[in-house]
1. To the nearest 0.05, how large is the calculated FRET efficiency for residue 27 and residue 272 if R₀ is 45 Å and r is the Cβ-Cβ distance?
2. So, in the chain, how many Lys pairs have Cα atoms under 23 Å apart, if the pair is 8 or more places apart or on different chains?
3. What's the magnitude of the charge dipole for the chain around its Cα centre, counting Lys and Arg as +1 and Asp and Glu as -1 at the beta-carbon? Answer in Debye, nearest 20.
4. Hey, what do the phi angles of region 164-170 turn into as Karplus ³J(HN,Hα) couplings, whole Hz, using 6.51/-1.76/1.60 and θ = phi - 60°, x for Gly and Pro?
5. Which shape class, rounded, prolate or oblate, goes with region 3-277 when its Cα gyration tensor gives a ≥ b ≥ c as root eigenvalues, a/c under 1.5 marks rounded, and past that a/b bigger than b/c marks prolate?
6. With an 8 Å Cα cut-off and a minimum separation of 6 or more residues, compute the relative contact order for region 3-277 in percent.
7. Calculate, for residue 287 and residue 84, the FRET efficiency according to 1/(1 + (r/R0)^6) with r their C-beta to C-beta distance and R0 30 Å; round to the nearest 0.05.
8. Can you tell me which of 138-144, 180-186 comes out highest on packing, and rank the rest after it, using the mean Cβ neighbours within 10 Å?
Amino acid sequence: MNTAEALAELGVSVDDLTAEQRRSFDEKGYFIVADVFSPDEVAEMRDEVDRLAAIEGEFGGHEVHIEPGASRLSNLFNKSPAFDRCLTCAPTLAAAHLLLGEIHVGSLNERSPGKGTGQQMLHSDLPRAHAADWRGVNSMVMLDDMTEENGPTRIVPYSHKWSPINVPDVNMGEMTSIVIDEATRPKVPADPVATYPGEVHITGKAGSVAVINGCLWHGGTTNFSGKPRRVLHLFIGRRDIDQQLVERDHVTPELLARTNAAQRYLLDIEGAEAKVTGYPPMPKEARVWTVTDGGKGH
């Protein structure tokens, strides 16, 4: 099986993307699609996020990293079938296949900042060895309305074509540092947490999906209202790049039993054996969100 065959079996095609979505993704590095998931689908996923967050508490997201001030979850495909529908999220999968060719799921995480928290430094999710080295596509599946008051994601349009900055250490792969090119260097903020000139806040109704190139400069903003802002981050990587969460290291018998061949291909668990029985174990300590090179590369 290959990616085109898997996506065809799941009813997803690059033809699902409009000309405007393709143009925005190529030029600006992002696009937003409303009503990708129905209110009932959103409600089920939201309820499962709350259930899992109550179980994991301060260790939520530990399989990838935790973040002070924000509720996080990771390894979601192995924890609830409610999230399986993300394996047919057409905007994300179509854009990833268009940009990357052969793909697999990098991870499915959830993030919701608490009141007065959530401001992140501008960062890129992935490094890039050269101009055409696109490694992944990230997306935000909005389980609540994302508004100006509850911590919308900020993005810097066109920045995916600049050097990546502040790449989380967990995503660096074989690269040990980030080199900032001369064209990008004047654009690098002295304070990566501060508001950046020209930044755009992504907002939308629950059920919407925002898709971004993994090199786009972006970050969370402060949740001033304290209202829930639960977002799933469906990350799709180039298939020759390691997954952020290696699914076959965490796979449960339940996930293997309920997925079809196309889903197992996307999850990269073809031929895998169950590794975890029951609820995934909790750690005694967890990695905290950190970035490479003190944030600025060299």
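Read-outs: derived from the displayed coordinates by stated rules, not from any lab. In this text the structure is predicted, and so the values were computed from the model without any measurement. All Cβ positions, glycine included, derive from the backbone under ideal geometry; neighbour counts span all protein chains shown.
1. Efficiency for this residue pair is about 0.70.
2. Within the chain, the lysine pair count is 13.
3. For this selection, approximately 580 debye.
4. x, 9, 6, 5, x, 4, 5
5. rounded
6. 30 percent
7. 0.70
8. Working: 138-144: 25.1, 180-186: 11.6.
Result, highest mean Cβ count within 10 Å first: 138-144, 180-186.
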